[in-house]
Amino acid sequence: MTPTADLEWLFARQRFGVHPGLSRVRALLARLGDPQENFRAVLVGGTNGKGSTAATLASILTAAGERAGLFTSPHLTRFSERFVVAGRECSPEAVREALGRVRPQAEAEGASFFEIVTALGCLLFAEAGGRVAVMEVGLGGRLDATNVLDPVLSVVTGVALDHTAILGDTREAIAGEKAGILRAGRPAVTGVDADLLPLLETRGADLWALGREVALETAPLGWDGWDVRLRLPGTALSFHTPLLGEHGARNASLAAAAAHRLGVGEGAIRAGTAGVRWPGRLEALPWRGGRVLLDGAHNPDGARALVAALRGLGLDRLPVVFGSAADKDVAGVAAALREVASEVILTRAVLSPRAADPADLAPHFEGLNVHLTDSPEAALDLLPPGGLAALCGSLYLIGEVRPLLLGEAGEEWERWQ
């Protein structure tokens, strides 16, 4: 995306950090004419899997003939990836033009980076004629900027320990924050563990849960994904998803159940689940006669899901490239990755000031053959040709590696959020 003064200003605001709360974004949207009132909203929150769930639901709604918006974060290689309407990424020109109008209003309110991006998405969707928008929640839920919208349906994918300094250091505390996107009397779908369901039920939503109202049967198809059958109250659905890993099948199932609750028929659910693409999450790309499997596993729960997916694909030992933000539970991630790593190449996202020094990651992989590199390019150069390797951790790292594998140009902004 070609640099402009407005984009440079926006990305500079990442350094002001995260400031949970709804008053600033509410005031900013009011200054913009409350564009969010022009479409129905679905909020998708959770610790892991919310992006693939949101992408699948938007794909289903588009297949059903809706002019559906999709808002996700962070982006991998282009800022405009965050804004999709009817299956098409908003053009960089449209994003820059809209940002130019949002900027003076955001400056007047002192809005944060994510608040501005949320308002920008609402404006883009409204002006593109979007009828419904699937909004991936950023951090937590209760005080996340997306929660200023009034959702017709909410999804909480699951709860695990992450962002504990902000959301709390127990699963129960984090579940309470995630539950803030639920609305009393309105439909909701969740995949949280059974012991956390009572915390979500205090919000009074009409809640369907995987393993309770939603029964899931899956048949693995290797690298082709999964065939899935859902049994819902009063009906059953069957579909295929190309998402890899058992967690991919679960996330697709949450999206399918949510779509059913929105009145979407089985034909559109089948078309939308089969057609979804979610880059950088268990995505295999070619590299020097072999393949690199990219995945944004950046916390222990995500790393365990990645390991399970690798084993489900018949993979036991393979080279692992890893890089992480400095504030993550690296010990927990490393404990999972050690189970499948034949060797470990540690690196960092060059454009992310939050990235951990590879030397600080190394002690967590003691006993394995460990290589330290100072850039994604150097890490890829160490991979043996013709084989399969896994590259995981920070999504900012994935965002720098993916253009290298595809021979594309990446962005040059510092990445915090």
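Restricting the first residue to segment 395-406 and requiring it to be within 17 Å of Ser324 (Cβ to Cβ), which pairs with a second residue that is assigned to a helix (DSSP H, G or I) and of a type outside the set (Val, Ile, Thr) meet a Cβ separation below 6 Å and a spacing of at least six or different chains?
Glu400/Pro376; Val401/Pro376
Mind checking which pairs have a first residue in segment 76-97 that is in the same structural domain as Val401 (by TED's automatic domain parsing) and a second that is surrounded by 16 or more Cβ atoms within 10 Å (Cβ to Cβ) and in a strand (DSSP E or B), Cβ under 7 Å, 6 or more apart or different chains?
none
Answer with yes or no whether Arg270 is out of contact with any Ser or Thr (no Cβ under 8 Å at 6 or more places or on another chain), modelled with pLDDT of 95 or more and of a type in the set (Lys, Arg).
Criteria not met by Arg270.
Could you tell me which of the residues Ala331, Ala379 is in a helix (DSSP H, G or I), without any contact (Cβ under 8 Å) to a residue 60 or more places away in the chain and surrounded by 15 or more Cβ atoms within 10 Å (Cβ to Cβ)? Talk me through it step by step, then tell me what you get.
Values: Ala331 fails: surrounded by 15 or more Cβ atoms within 10 Å (Cβ to Cβ).
After applying the criteria, what remains is Ala379.
Tell me which residues, restricted to segment 42-52, are more than 22 Å from Gly275 (Cβ to Cβ) and either surrounded by fewer than 24 Cβ atoms within 10 Å (Cβ to Cβ) or in contact with a Gly (Cβ under 6 Å, 6 or more places away or on another chain) (or both). Before you say what the answer is, go through the steps one by one.
Filtering segment 42-52 for residues more than 22 Å from Gly275 (Cβ to Cβ) gives 43, 45-48.
Gly45, Gly46, Thr47, Asn48, listed by residue number.
Taking Val344, is it touching a helix residue (DSSP H, G or I) at 6+ places or on another chain (Cβ under 8 Å) and either surrounded by fewer than 21 Cβ atoms within 10 Å (Cβ to Cβ) or part of a helix (DSSP H, G or I) (or both)?
Working: touching a helix residue (DSSP H, G or I) at 6+ places or on another chain (Cβ under 8 Å): yes; either surrounded by fewer than 21 Cβ atoms within 10 Å (Cβ to Cβ) or part of a helix (DSSP H, G or I) (or both): no.
Criteria not met by Val344.
Is it the case that some residue within segment 401-408 is surrounded by 18 or more Cβ atoms within 10 Å (Cβ to Cβ), touching a helix residue (DSSP H, G or I) at 6+ places or on another chain (Cβ under 8 Å) and assigned to a strand (DSSP E or B)?
Within segment 401-408 (the criterion being surrounded by 18 or more Cβ atoms within 10 Å (Cβ to Cβ), touching a helix residue (DSSP H, G or I) at 6+ places or on another chain (Cβ under 8 Å) and assigned to a strand (DSSP E or B)), the answer is no, since none of the residues qualifies.
State all residues of segment 53-87 that are surrounded by fewer than 18 Cβ atoms within 10 Å (Cβ to Cβ) and over 28 Å from Ala349 (Cβ atoms); if no residue qualifies, say none.
Those that are surrounded by fewer than 18 Cβ atoms within 10 Å (Cβ to Cβ) and over 28 Å from Ala349 (Cβ atoms): Gly65, Arg67, Ala86, Gly87.
Go through the residues of segment 24-41 one by one and say whether even a single one is closer than 30 Å to Thr170 by Cβ, crowded, with 24+ Cβ neighbours inside 10 Å and either under 10 Å from the mean Cα position of the chain (by Cα) or acidic (Asp, Glu) (or both).
No, there is no match, as no residue in segment 24-41 is closer than 30 Å to Thr170 by Cβ, crowded, with 24+ Cβ neighbours inside 10 Å and either under 10 Å from the mean Cα position of the chain (by Cα) or acidic (Asp, Glu) (or both).
Using the structure shown, decide if Leu346 is touching a strand residue (DSSP E or B) at 6+ places or on another chain (Cβ under 8 Å) and in the same structural domain as Leu306 (by TED's automatic domain parsing). Give the steps one after another, and end with the answer.
Details: touching a strand residue (DSSP E or B) at 6+ places or on another chain (Cβ under 8 Å): yes; in the same structural domain as Leu306 (by TED's automatic domain parsing): yes.
For Leu346, the condition - touching a strand residue (DSSP E or B) at 6+ places or on another chain (Cβ under 8 Å) and in the same structural domain as Leu306 (by TED's automatic domain parsing) - is met.
Of all residues in segment 275-309, which are more than 18 Å from Gly51 (Cβ to Cβ), among the basic types (Lys, Arg) and in a loop (DSSP other than H, G, I, E, B)?
Arg288
Within segment 358-376, can you find the residues that are within 24 Å of the chain's Cα centre (by Cα) and either modelled with pLDDT under 95 or surrounded by fewer than 18 Cβ atoms within 10 Å (Cβ to Cβ) (or both)?
Once the filter is applied, which keeps residues that are within 24 Å of the chain's Cα centre (by Cα) and either modelled with pLDDT under 95 or surrounded by fewer than 18 Cβ atoms within 10 Å (Cβ to Cβ) (or both), segment 358-376 yields only Ser375.
On the basis of being touching a Ser or Thr at 6+ places or on another chain (Cβ under 9 Å), of a type in the set (Phe, Trp, Tyr), touching a residue at least 40 places away in the same chain (Cβ under 8 Å) and surrounded by 15 or more Cβ atoms within 10 Å (Cβ to Cβ), does Trp287 make the cut? Please lay out each step first, then the result.
Working: touching a Ser or Thr at 6+ places or on another chain (Cβ under 9 Å): no; of a type in the set (Phe, Trp, Tyr): yes; touching a residue at least 40 places away in the same chain (Cβ under 8 Å): yes; surrounded by 15 or more Cβ atoms within 10 Å (Cβ to Cβ): yes.
Answer is no for this residue.
When segment 88-142 is examined, which residues are found to be surrounded by fewer than 17 Cβ atoms within 10 Å (Cβ to Cβ) and under 20 Å from the mean Cα position of the chain (by Cα)?
If the condition is that a residue be surrounded by fewer than 17 Cβ atoms within 10 Å (Cβ to Cβ) and under 20 Å from the mean Cα position of the chain (by Cα), then Arg88, Glu89 are the ones that fit.
The values are calculated or read from the model by the stated rules, or taken from the named source; none is laboratory data. All values derive from a computational prediction rather than experimental measurement. In this analysis, Cβ positions are derived from the backbone assuming ideal geometry, glycine residues included, and neighbour counts consider all displayed protein chains.
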